[in-house]
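The values are calculated or read from the model by the stated rules, or taken from the named source; none is laboratory data. Just so we're clear, the structure is a prediction, and the values are computed from it rather than from any experiment. Quick reminder, even Gly has a Cβ in these numbers, built from the backbone with ideal geometry, and neighbours come from all protein chains shown. For accessibility, only protein heavy atoms count, side chains too; no ligands or nucleic acids. Shrake-Rupley method; radii C 1.70, N 1.55, O 1.52, S 1.80 Å.
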Amino acid sequence: MLAFICLITIGGSLSAQSRVIDLWNGKIPGAKHSNQFKQMVDTAAGWVDKHSIVTPCLYFYPAPKAKATGTAVIICPGGAYGGLAIKHEGDQVAKWLNSLGVSAFVLKYRLPDDSIMENKTIGPMQDGQRAIRMVRSRAKEWGINPSKIGIMGFSAGGHLAATLSTHFNDIVYESDDLTSAKPNFSILIYPVISMNGDITHWGSRINLLGNSPTPEMVKHYSNELQVNDKTPPAFMVHSLDDDAVPVQNSINYALALHKANISCELHLYPTGKHGYGMGKSADTKSSWPEACRKWMEVSGLMAGIYK
């Protein structure tokens, strides 16, 4: 029944090219049942069109076999941890990655909510770690190189992606699966990185940590403070005029990576504000997909056909 519910929530928001993979097969760690909490789908909204999620899934877009590089990217759409912009920060991005020979997975992760989670601060991370382990453990079946699996996130999805890049050793659910949950690289587009009150996106912080988090929680989920020499390399994009998520989020994370001698490429654009997805406009921020393609190429993620 849970798998069926997950299937019917696709609605009109995803193309027929993708297929749905249930993350937990009904055994979601730390889940609570609430009669008041209903899974909702609004495919007409256009921007944030999935929220109140109880059945986390991966939408799998396999790369065309004729150009498949073996590289895979798991995409975390944004939405302030209160919704998912699953069209322009998910579906459209997956199709672009496919055009490069990269397999894509759009992660429909659970959004933090005390009514359905024993600990809402780890709910999204549980789904993210599970997604990485699943893709890596089934890499051969799906034509993926297990050492070329990246995580990508937009806005609050960028916070989740950065959390998975810095907290991959955190034990957030009990599992017999010893497969690594560490992404090999990250792509962070106008990401929320910090929970520090001076630069955070307050909606994302409140939804994830609540109204009165402890200083320890704020530090733990401020990912610029959690970088070390095991953190994967990153490609990052931000606009200087972003009036939702201050550009210091990306700058501070990039500097932390540089200090740890981790490769990082940060593109700062003078305009663009926030939430532009693939950036189809006349502004220079629209060039970020080509810059990202080049970064993946130089990083050895686009080398030849993988069989």
Summed over the other residues with a beta carbon less than 9 angstrom from that of residue 270, with K and R at +1 and D and E at -1, the charge totals -1
Bounding extents of the stretch 109-216 in its principal axis frame from Cα atoms, largest first in Å, are 44, 30, 21
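For the chain, what is the calculated [θ] at 222 nm in deg cm²/dmol (nearest 500), taking -39500 (n - 2.57) for each run of four or more DSSP H residues and dividing by its residue count?
It comes out at -7500 deg cm²/dmol, rounded to the nearest 500.
Considering only protein heavy atoms, what per residue accessible area in square angstrom results for the chain with a 1.4 angstrom probe? Walk me through the numbers before you get to the answer.
On the way: 12770 Å² over 307 residues.
That works out to 42 Å² for each residue.
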Alpha carbon centre of the stretch 56-91 versus the stretch 213-233: separation in Å? 25 Å
Once all protein chains are kept in place, residue 258 shows an accessible area at probe 1.4 Å, nearest 10 Å², of 140 Å²
Cα gyration tensor shape of the stretch 227-307, rounded if a/c is under 1.5, else prolate or oblate by comparing a/b with b/c: oblate
Quote the relative contact order of the chain in percent (integer), defining contacts as alpha-carbon pairs under 8 Å separated by 6+ residues. 16 percent
Cα Rg, Dmax, the chain, angstrom units: 17.7, 52
Just how many pairs of Lys in the stretch 147-297 have C-alpha atoms closer than 27 Å, counting pairs that are eight or more places apart or on different chains? 20
Alpha-carbon gyration tensor eigenvalues x 5, square-rooted, for the stretch 162-307, Å: 25, 23, 13
How large is ³J(HN,Hα) for each residue in the stretch 277-285, as worked out from phi by the Karplus curve 6.51 cos²θ - 1.76 cosθ + 1.60 (θ = phi - 60°), to whole Hz, x for Gly and Pro? x, 6, x, 7, 7, 7, 6, 5, 5
How much of the accessible area of the chain, probe 1.4 Å, is carbon plus sulfur, in whole percent? 53 percent
Got a sec to turn the phi values of the stretch 224-239 into Karplus ³J(HN,Hα) couplings, 6.51 cos²θ - 1.76 cosθ + 1.60 with θ = phi - 60°, whole Hz, x for Gly and Pro? 5, 8, 10, 5, 9, 6, 9, 5, x, x, 9, 10, 9, 9, 7, 10
Which of 279, 197, 143 moves the most in a Gaussian network model of the chain with Cα springs under 10 Å? 197
Roll a 1.4 Å probe over the protein heavy atoms and report the accessible area of residue 38 in Å², nearest 10. 130 Å²
Cβ under 12 Å from residue 305's Cβ, residue 305 left aside: what net charge do those residues give with Lys, Arg +1 and Asp, Glu -1? +3
